[in-house]
Amino acid sequence: MAIWLLFVKTGSKLERSETVMARKMLIDGELRTSGSVEAEQQFDFDLFVIGAGSGGVRAARTSAGFGAKVAICELPFHPISSEANGGVGGTCVIRGCVPKKILVYGASFRGELEDARNFGWELEENTEFNWKKLLHKKTQEITRLNGVYKRLLSSSGVIMMEGEGRIIGAHDVEVLPPDGSKQRYTAKHILIATGSRAQRVKIPGQDLAITSDEALSISELPKHAVILGGGYIAVEFASIWRGMGATVDLFYRKELPLRGFDDEMRAIVAKNLEGRGIRLHPNTNLSELNEVQNGIKVLTDHGDEIVADVVLFATGRIPNSNRLNLEAVGVEVDRTGAIKVDEYSRTTVPSIWAVGDVTNRMNLTPVALMEGTCFSKTVFGGQPSKPDYNYIPCAVFCIPPLSVVGLSEQQAIEQAKGDILVFTSTFTPMKNTISGRQEKTIMKLVVDAETDKVIGASMCGPDAPEIMQGIAVALKCGATKAQFDSTVGIHPSAAEEFVTMRSLTRRVTAAAKPKTNL
């Protein structure tokens, strides 16, 4: 929501962007040349972007590449977001994917050091972990990336402004810089890319808990952490803190964590979390938090009590739309605050668009990048483009990680008109046969029986995200199970299992659709 405005610095380029009358744009649902529109009204910018996260930066840069005069705004940089703080790069770079993955790397070394002994490494029993050193390195990296994103915008000819952006008309934006002044700009098109923020559970003592923002920058590593939530943020932080030596209790409302993922994968993730020493509390919620002398007393809805030094709420995120003045200008939102858009990312006001988490479609960084690219092609490139949400891979960076693409077995069964074929492979990775770690890798392919097309793939085990990215290309291209089977594997590797799963695990008929509420 902060504002960084970038203007094209060379007068010749600005002049050219204003005089190219043949550029096609999608206006009011129809392709028209920009000249007829510009004749009606002159604007400060062709595009004003509110929010310089992944989607906003991509849209700004690609739109400028099509010759548009672009400005972007963002709040001042800070690792922890608030109504006054943000930063170029957005959630992913500053307080999401990037710093989280750095901490996952750090936490993974605990298991690696344990496993190394059976590979001949003689290590001291008491290996020390320095949280403050890793925290410093993490902060250095996100600060560096913040600067990289600024330079990318500047080199693209985009004008950056620092401050909070709000919409005051169909073509009007107000920027509130940190100095308290107000600046107003007009734009032919306004793009909202303000992302989302972590939410807190409304229970007594909720202010004693932290969210993922604070967890990524916490000054002292917890000795005992309680985590509420069963989503990817919850299981990732459970793995991180446990890997760094903390006692971790994970509470979630369902029987298994990671609702929405394949049930078989969810079960193996839960088993792996327990195997790494994380204490799971399924079908359990927190009802109250109280500050006590030795930490925070946590009361569950079953009447149990635990004292911890950190409580993390990892119970989802909500769109950053409440301070944009949307209702006043006629932009509709749903009950969660997500901005309603059509298949081209256009809001209910024709000149205002939205991409990324603020629309709550598929909240992943690469998806925001795709939406931003499609927006710029549609509006400034003369190439009306709809984001394609089919076969988008994703990963949960627990230890070991889970990665999927396409349909889960449950989704395939629910959507299928015919039979579904399921192929699975469960095995001990070669590394674990030497280290002695009791952790299995599981892989799955879901196939449409009539067409032989592979419609879903999933894996839980080391390197799952790296492997699944390649599988995603195959599924996007419509690969069949026969084509998987005819592909020669790389040996010895875990990945080769995806092309050697020739024995059918089960066939689910269209008439038999099991229900799950795990």
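Structure data summary
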item	result
Output for the range 41-72, where each listed residue is buried (at least 24 other Cβ atoms within 10 Å of the Cβ), assigned to a helix (DSSP H, G or I) and of a type in the set (Gly, Ala, Ser)	Ser54, Gly55, Gly56, Ala59, Ala60, Ser63, Ala64
Residue within the range 273-295 that is in a helix (DSSP H, G or I), open to solvent by 30 Å² or more (accessible area, probe 1.4 Å), closer than 18 Å to Val226 by Cα and in contact (Cβ under 8 Å) with a residue 60 or more places away in the chain present	yes
Top-ranked residue in the range 464-485 [being among the small types (Gly, Ala, Ser) and in contact with a helix residue (DSSP H, G or I) (Cβ under 8 Å, 6 or more places away or on another chain); ranked as farthest from Thr451 (Cα to Cα)]	Gly470
Identity of the residue in the range 131-155, touching a strand residue (DSSP E or B) at 6+ places or on another chain (Cβ under 8 Å) and open to solvent by less than 20 Å² (accessible area, probe 1.4 Å), that ends up farthest from Ser219 (Cα to Cα)	Leu153
Candidates Arg117, Arg166, Arg110, filtered to the one that is charged (D, E, K, R) and surrounded by fewer than 17 Cβ atoms within 10 Å (Cβ to Cβ)	Arg117
Top-ranked residue in the range 329-347 [being part of a strand (DSSP E or B) and of a type in the set (A, V, I, L, M, F, W, C); ranked as surrounded by the most Cβ atoms within 10 Å (Cβ to Cβ)]	Ile339
Checklist (1) closer than 19 Å to Ile210 by Cα; (2) assigned to a loop (DSSP other than H, G, I, E, B) applied to Asn322, failing item	(1)
Residue ranges of strands (runs of 3 or more DSSP E) in the range 435-518 with at least 1 members within 30 Å of Arg117 (Cβ to Cβ) and touching a residue at least 40 places away in the same chain (Cβ under 8 Å)	441-448, 454-460
Matching entry among Lys444, Lys386, Lys417 (being surrounded by fewer than 21 Cβ atoms within 10 Å (Cβ to Cβ) and either modelled with pLDDT of 95 or more or among the β-branched types (Val, Ile, Thr) (or both))	Lys386
Among (1) open to solvent by 10 Å² or more (accessible area, probe 1.4 Å); (2) modelled with pLDDT of 95 or more, the one test that Val405 misses	(1)
Residues within the range 348-379 that are outside any helix (DSSP H, G or I) and surrounded by 24 or more Cβ atoms within 10 Å (Cβ to Cβ), tallied	4
Verdict on Val333 being aliphatic (A, V, I, L, M) and touching a Leu at 6+ places or on another chain (Cβ under 8 Å)	yes
Residue within the range 238-249 that is of a type in the set (Phe, Trp, Tyr), part of a loop (DSSP other than H, G, I, E, B) and closer than 30 Å to Pro429 by Cβ present	no
Search result, residues across the range 73-103 that are assigned to a loop (DSSP other than H, G, I, E, B), open to solvent by less than 20 Å² (accessible area, probe 1.4 Å) and aliphatic (A, V, I, L, M)	Leu75, Val88
Selection count, the range 217-246, where residues are open to solvent by 10 Å² or more (accessible area, probe 1.4 Å) and closer than 15 Å to Phe261 by Cα	4
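The values are calculated or read from the model by the stated rules, or taken from the named source; none is laboratory data. Remember, predicted model here, so these are calculated numbers, not experimental data. Every residue, glycine among them, receives a Cβ derived from its backbone with ideal geometry; neighbour counts consider all protein chains shown. We work out accessible area using only protein heavy atoms, side chains counted, and drop any ligands, DNA or RNA first. Shrake-Rupley method; radii C 1.70, N 1.55, O 1.52, S 1.80 Å.
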